Amino acid sequence: MRFKKKLTHPQALLNEINGFRNIEFGDFQTSKVDLVIHDWYNRHSQLIERFSLKTS
């Protein structure tokens, strides 16, 4: 998700997301997740942290 500013009603967002619980969006497998800062056009990307995911 992209946020332009701090959320004013985070619980409302969580409630909305929970409404999608039974919708199939597809899936994928990955072993890492990157936390980045970038603009809308994905230019000037800055890596903040890379997280390795535990695999089983």
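How many residues are open to solvent by 100 Å² or more (accessible area, probe 1.4 Å) and either under 18 Å from Arg50 (Cα atoms) or more than 15 Å from the chain's Cα centre (by Cα) (or both) if we restrict to segment 17-27?
So the count comes out to 3.
Could you please find all residues in segment 28-40 being in a loop (DSSP other than H, G, I, E, B) and either touching a Ser or Thr at 6+ places or on another chain (Cβ under 8 Å) or closer than 23 Å to Leu53 by Cβ (or both)?
Answer for segment 28-40, where residues must be in a loop (DSSP other than H, G, I, E, B) and either touching a Ser or Thr at 6+ places or on another chain (Cβ under 8 Å) or closer than 23 Å to Leu53 by Cβ (or both): Phe28, Gln29, Thr30, Ser31, His38.
Restricting the search to segment 33-56, which residues are in contact (Cβ under 8 Å) with a residue 12 or more places away in the chain, open to solvent by 100 Å² or more (accessible area, probe 1.4 Å) and not aromatic (Phe, Trp, Tyr)?
Residues satisfying the conditions are Arg50, Ser52, Thr55.
Scan segment 1-13 residue by residue and report those that are of a type outside the set (Gly, Ala, Ser), part of a helix (DSSP H, G or I) and open to solvent by less than 100 Å² (accessible area, probe 1.4 Å).
Pro10, Leu13
The values are calculated or read from the model by the stated rules, or taken from the named source; none is laboratory data. Note that the structure is predicted; figures quoted are calculated from it, not measured. Cβ coordinates were reconstructed from backbone atoms using ideal geometry, including for glycine residues, and neighbour counts include every protein chain displayed. We work out accessible area using only protein heavy atoms, side chains counted, and drop any ligands, DNA or RNA first. Shrake-Rupley method; radii C 1.70, N 1.55, O 1.52, S 1.80 Å.
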